[in-house]
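What follows is a set of notes on a single structure, which appears directly below.
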């Protein structure tokens with residue numbers, strides 16, 4: 001996910017501190033602070049696909065201060081993610097709160113926490129359906145082996161196929177429900 005924003009700020013005296021404070025609240029590590037350019041990073045890992053908080057995914061935020069304007073670029077690694085509307089909503093709220101904090105000095109974390117909690121529930125539901133599909137695939141694989149009387153290498157395909165089918169079904173069902 002890529003997002004760029006531009007914010008006009010009236011009080012620039014505490015701007016660098018606000019930028020650093022906001023990002024640090026969410027575990028982002030400052031990797032560069034040079035001449036009005038700040039780079040923050042959340043390292044990615046192999047477990048990103050299992051993380052239920054999208055703010056913990058691999059990401060990079062580059063913030064540039066030019067006079068009273070703040071240019072911010074958000075890059076979130078979504079390659080290993082399902083990248084649902086719920087996850088995008090978390091990041092949109094994070095970005096909105098960032099804008100509010102820079103312009104007013106405060107923001108409400110309640111909406112962001114609510115979005116993260118909703119995303120966690122949604123993510124767990126997706127994972128549950130994938131596990132259910134894998135179990136069904138395992139049962140079908142077992143029945144197939146019994147039916148052909150032996151070890152057929154094709155029986156190993158059933159587990160990932162059924163897990164993917166159930167996960168795809170769940171994702172499509174959510175999309176049709178929200179439409």
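Values in this text are rule-based calculations from the coordinates and carry no lab data. Because the structure is predicted, anything quoted here is derived from the model rather than measured. Cβ placement follows ideal geometry from the backbone for every residue including glycine, while neighbour counts extend to all protein chains displayed.
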Checklist entry - If we scan region 83-90, do we find a residue that is under 29 Å from residue 16 (Cα atoms), free of Cβ contacts under 8 Å to residues at least 40 places away in the same chain and touching a strand residue (DSSP E or B) at 6+ places or on another chain (Cβ under 8 Å)? => result no
Next on the checklist: Just to be sure before I move on: is residue 112 free of Cβ contacts under 8 Å to residues at least 40 places away in the same chain and within 28 Å of residue 10 (Cβ to Cβ) in the structure I sent?
Outcome noted: yes
Checklist entry - Hey, does region 84-100 have a residue that's over 17 Å from the mean Cα position of the chain (by Cα) and farther than 29 Å from residue 169 by Cα? => result yes
Checklist entry - Can residue 59 be described as touching a strand residue (DSSP E or B) at 6+ places or on another chain (Cβ under 7 Å), surrounded by 15 or more Cβ atoms within 10 Å (Cβ to Cβ) and free of Cβ contacts under 8 Å to residues at least 60 places away in the same chain? => result yes
